[in-house]
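No lab work stands behind these numbers, since they all come straight from the coordinates. None of the values given here were measured: they were computed from a predicted structure. In this analysis, Cβ positions are derived from the backbone assuming ideal geometry, glycine residues included, and neighbour counts consider all displayed protein chains.
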Amino acid sequence: MFRNFIFDWSGTLVDDLGPVLEATNAVLGRYGRAPLDREGFRRNFRLPYREFYAEMLPGVALAELEGHFRRAFAAATTPVTVLPHAREKLEWCAASGRRAFVLTSMDAAAFELQLDAFGWRHHFEATYAGVLDKRELIHWILATHRLAPQETAFIGDMTHDMETARHGGIAAIAVLTGYNHAEVLAAVHPDLTVADLGELVEWFDKQRAGIPPQAPPRVP
Ligand SMILES: [Mg+2]
């Protein structure tokens, strides 16, 4: 049974794809590149984001791009919203005694603002933001908080999240509410793929009740 959940943030608990797309296109536009639409972004964006920008804007320093991105993100007009079922999933964790953490690549200052804006700080035992390559921190998090790998899952929306889970020797659970298209995620074979966090809670509740799960892993 999973007792510990490490959550990604963007695309897993909150929907910030709108402002991220606005900011990404602002950065691309500064260097004369055509904007991406939502589906183009979901098929092309990847973490660590330095790889994405190295491909899109070769030769431009990452620190320079990050500066442009931060300013454009702060000025973006599309709101960041809580994803459906996210609040209920966090409350389910608390009610069932599960431990919850965040591991995100998102800029740490922007993350802290969102964490407080949604009133979610109390849900997490610890949060780690601004982590460019999550694989570099996963072992440290497991060791620091004494999380048994067989009782721990990483829940995320991107292939990098699944690769981070594998690297840490923990379960890789994919949600289809975020930045990566379902086909992109399927290519890295998550242990479990769910449409959203509501479906994940149902899956765990059925497991606990001894009902055989209805075949997720699935990809629509
Ligand atoms: Mg994400």
- [ ] Subtract the Cα-Cα distance of GLU66 and GLN207 from 0.36 nm times their separation in residues, and report this length gain in nm to one decimal.
- [x] 46.5 nm
Task: C-alpha long axis of helix 17-30 to longest principal axis of the chain, angle in ° - done: 30 degrees
- [ ] Quick one: order PHE111, PHE52 by neighbouring beta-carbon count within 10 Å, fewest to most.
- [x] PHE52, PHE111
TODO: Tally the DSSP beta bridges in the chain and give the antiparallel ones as a percent, rounded to 5.
DONE: 10 percent
Open item on the list: Which of rounded, prolate or oblate describes segment 17-75 when judged by the alpha-carbon gyration tensor and an a/c cut-off of 1.5?
Closed with: rounded
Task: Computed over the chain: relative contact order in percent, which uses C-alpha pairs under 8 Å that are six or more apart - done: 26 percent
- [ ] With everything on Cα atoms, drop me the angle between helix 62-75 and the longest principal axis of the chain, reported from 0 to 90° to the nearest 10.
- [x] 80 degrees
TODO: Amide H neighbours of VAL14 under 5 Å, at least 5 residues apart or on other chains, H built in the peptide plane: list them.
DONE: LEU83
Open item on the list: Given the -39500 (n - 2.57) contribution per DSSP H run of 4+ residues, what per-residue ellipticity at 222 nm results for the chain, rounded to the nearest 500 deg cm²/dmol?
Closed with: -13500 deg cm²/dmol
Open item on the list: If packing is taken as the average number of other Cβ atoms within 10 Å across a peptide's residues, how do 133-139, 178-184 rank, most packed first?
Closed with: 178-184, 133-139
Open item on the list: Taking a virtual spin label 7 Å from the Cα of GLU151 along the C-beta vector, which residues in segment 160-180 bring their backbone nitrogen under 20 Å of it?
Closed with: 165-166, 168-173
Task: Net charge dipole size for the chain [Lys, Arg +1 and Asp, Glu -1 on Cβ; Debye, nearest 20] - done: 240 debye
Task: About the Cα centre, charge dipole magnitude for segment 17-75 (Lys/Arg +1, Asp/Glu -1 at Cβ), debye - done: 60 debye
- [ ] Return one number: the angle in degrees, 0 to 90 and rounded to the nearest 10, between the long axis of the Cα atoms of helix 197-208 and the longest principal axis of the Cα atoms of the chain.
- [x] 20 degrees
TODO: Mind jotting down the distance between the C-alpha centroids of segment 139-167 and segment 1-64, whole Å?
DONE: 21 Å
Open item on the list: Please arrange SER96, SER10, SER105 by how many other C-beta atoms lie within 10 Å of their C-beta, fewest to most.
Closed with: SER96, SER105, SER10
